[in-house]
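Before any comments, here is the structure.
Derivation of every value follows stated rules applied to the coordinates shown; laboratory data play no part. A quick note: this is a predicted structure, and the numbers were derived from the prediction, not measured. Please note: Cβ atoms are built from the backbone with ideal geometry, for glycine as well, and neighbour counts cover all protein chains shown.
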Amino acid sequence: MQEFAFELALCAHLEAPDRVVGRQLGAAVHGRRVADVVCVEPGPEFERRAAITSETIPPLAVESAVGPGTARSVTDAFDCHPDRARAVAERAVDLGFFERERDGSSAAVRQTVRYPDWFDSLVGIENKPDLDRPGDLRDQLRIDVSVGLFDRVVLATETYVTGAHLNRFPDAVGVWRFDPETGEREVVREAEPLSTDGPGIELLDREAGRAKVRPVTAAEKRRQRRRIAERAYGKGWRTYDLPDCQRCAPSAAEPDEYAGAGLPWCDWQDGIVRPVADCGPECPGYEPVGGDGAVDGADEQAGEGERADDAEAIRARRSAWEPDPAGVARRQSGLDRFLE
């Protein structure tokens with residue numbers, strides 16, 4: 001199975017009412033590492049975070065000197081270019097995380113609520129359906145372990161895992177064998193807890209006979225962990241639009257646990273497809289929605305139903321994410337109004 005379909009099937013399998021799942025998230029401090037899948041386990045203050053906004057709060061807003069007390073000048077509270085500071089502050093106001101005040105002739109903001117300590121743990125998952133084509137897998141897993149941004153790191157594969165395979169990976173990395181066609185997941189090796197509180201080492205580049213590394217401080221790790229969790233909450237894993245084709249039938253996905261997940265399931269190909277690359281007029285089975293092509297009753301019925309159920313409704317039903325927080329005021333945007 002192609003890696004995209006494997007990844008979506010795994011996300012659908014892992015999604016649960018007490019968890020947030022995100023995919024393709026930046027997982028480096030100084031480098032370019034991207035985590036395939038991240039599971040965020042909520043902490044005691046999760047409901048406080050969910051009450052703020054359904055979207056990602058800008059990291060610079062969270063990391064700024066703006067607090068819930070005295071309002072601060074936008075240009076003084078951010079360690080970035082003033083134009084960037086104003087844009088971030090405006091976005092935070094739009095989301096209900098900041099509120100505006102006037103500080104003389106300049107714009108000033110304060111937090112509407114203290115940013116909560118809302119997640120308990122992060123699990124980083126690297127997908128590699130075919131271990132016979134590992135690519136940079138070994139270095140990727142070593143980076144995850146040595147940096148320590150995740151509480152646990154797991155490799156998910158469709159391949160039968162041998163002892164030789166296990167010996168190639170850091171001992172702390174857990175290994176799952178996942179069958180995307182049945183939804184069955186076997187824990188081949190448990191992941192060991194990693195140290196997320198202390199400093200780490202990040203591999204940036206490797207050449208023949210030498211490696212470029214950079215230390216990561218505990219403060220940098222805390223900041224990046226919060227960014228990963230925040231991005232996972234706002235982004236989720238359904239970053240695609242369903243194909244505009246009558247053969248696209250999310251509710252017909254198999255096994256049954258996938259049927260309500262909003263997957264881009266194609267009845268004609270009998271599997272998960274890449275909406276942009278695999279679906280379109282070039283496909284022999286393509287039947288545009290509202291077109292004149294004949295589709296049998298079963299296909300038409302399967303293509304309806306959850307097609308009308310948008311991704312946000314599906315995510316809200318299946319995960320801990322809150323789509324429409326109660327009590328969070330929506331304020332008018334435009335910090336330039338202070339100068340009117």
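Rank LEU203, ILE57, ALA311 by how far each Cα sits towards the positive end of the charge dipole of the chain (+1 on Lys, Arg Cβ; -1 on Asp, Glu Cβ) and give me just the farthest.
The residue sitting farthest along the positive end of the dipole is LEU203.
What full-extension length gain, to one decimal in nm, is calculated for THR217 and VAL187 as 0.36 nm per residue of separation minus the Cα-Cα distance?
7.6 nm
Let me know the Kirkwood hydrodynamic radius for the range 91-224, please, with Cα pairs as the basis and the value in Å to one decimal. Walk me through the numbers before you get to the answer.
Working: mean 1/r = 0.0559 Å⁻¹.
Taking the inverse mean of 1/r over all distinct Cα pairs, the range 91-224 comes out at 17.9 Å.
What FRET efficiency comes out for the pair ASP117/ASP179, r = Cβ-Cβ distance, R0 = 35 Å, nearest 0.05? Could the numbers behind the result be given before it?
Values: r = 37 Å, r/R0 = 1.05.
Efficiency, from the Cβ-Cβ distance: 0.45.
Can you list the lysines whose alpha carbon sits under 22 Å from that of LYS221, skipping same-chain ones fewer than 8 residues off?
Answer for LYS221, where 22 Å is the Cα cut-off: LYS212, LYS235, listed by chain and number.
Can you tell me the Rg and the Dmax, both Å, for the Cα atoms in the range 151-209?
Final numbers for Rg and Dmax: 14.3, 44 Å.
Could you work out Rg/(2.2 N^0.38 Å) for the range 58-110, with Rg from alpha carbons only?
In units of the 2.2 N^0.38 Å rule of thumb, it is 0.95.
Determine, from the Cβ-Cβ distance of ALA313 and ALA208 and an R0 of 45 Å, the FRET efficiency 1/(1 + (r/R0)^6), rounded to the nearest 0.05.
Approximately 0.30, to the nearest 0.05.
With +1 on each Lys and Arg Cβ and -1 on each Asp and Glu Cβ, and nothing else charged, work out how big the dipole of the chain is about its Cα centre, in Debye to the nearest 20.
In debye, rounded to 20, the chain gives about 2100.
Restricting attention to the range 1-73, which trypsin sites (Lys or Arg not before Pro) occupy a DSSP loop and are surrounded by at most 12 other Cβ atoms within 10 Å?
ARG32
Take the Cα radius of gyration of the chain and divide it by 2.2 N^0.38 Å, with N its residue count; two decimals is plenty. Spell out each step's value before the answer.
Details: Rg = 22.5 Å, N = 340, 2.2 N^0.38 = 20.2 Å.
Cα Rg divided by the expected 2.2 N^0.38 Å: 1.12.
Determine, from the Cβ-Cβ distance of GLU55 and ASP132 and an R0 of 51 Å, the FRET efficiency 1/(1 + (r/R0)^6), rounded to the nearest 0.05.
0.80
Once the cut-off is 24 Å, how many percent of the Cα-Cα pairs in the range 1-118 end up in the long-distance tail? Kindly include the intermediate steps, with their values, before the conclusion.
Working: 2912 of 6903 pairs.
Value for the range 1-118 (Cα pairs over 24 Å): 42 percent.
For labels at GLU47 and ASP241 in the simple 7 Å Cα→Cβ model, what's the distance in nm?
3.8 nm
Would you mind estimating how fast the range 54-147 diffuses translationally, via Stokes-Einstein at 10 °C and 1.306 mPa s with the Kirkwood radius over Cα pairs, in µm²/s?
100 µm²/s
If I model a spin label as a point 7 Å beyond the Cα along the Cα-Cβ vector, how far apart are those points for ASP79 and ASP18 in nm?
3.8 nm
Let me know the charge dipole size of the range 103-241 about its Cα centre in debye, to the nearest 20, where only the beta-carbon of Lys, Arg (+1) and Asp, Glu (-1) is charged. Please list the in-between numbers first.
Details: 24 positive and 25 negative charges, 131 e Å.
It comes to approximately 640 debye.
Could you size up the charge dipole of the range 58-110 around its Cα centre, putting +1 on the beta carbon of Lys and Arg and -1 on that of Asp and Glu, and report it in debye to the nearest 20?
It comes to approximately 80 debye.
How many nm separate the modelled label positions at GLU101 and TYR160, each set 7 Å beyond the Cα in the direction of the Cβ?
Going from the GLU101 label point to the TYR160 one covers 6.8 nm.
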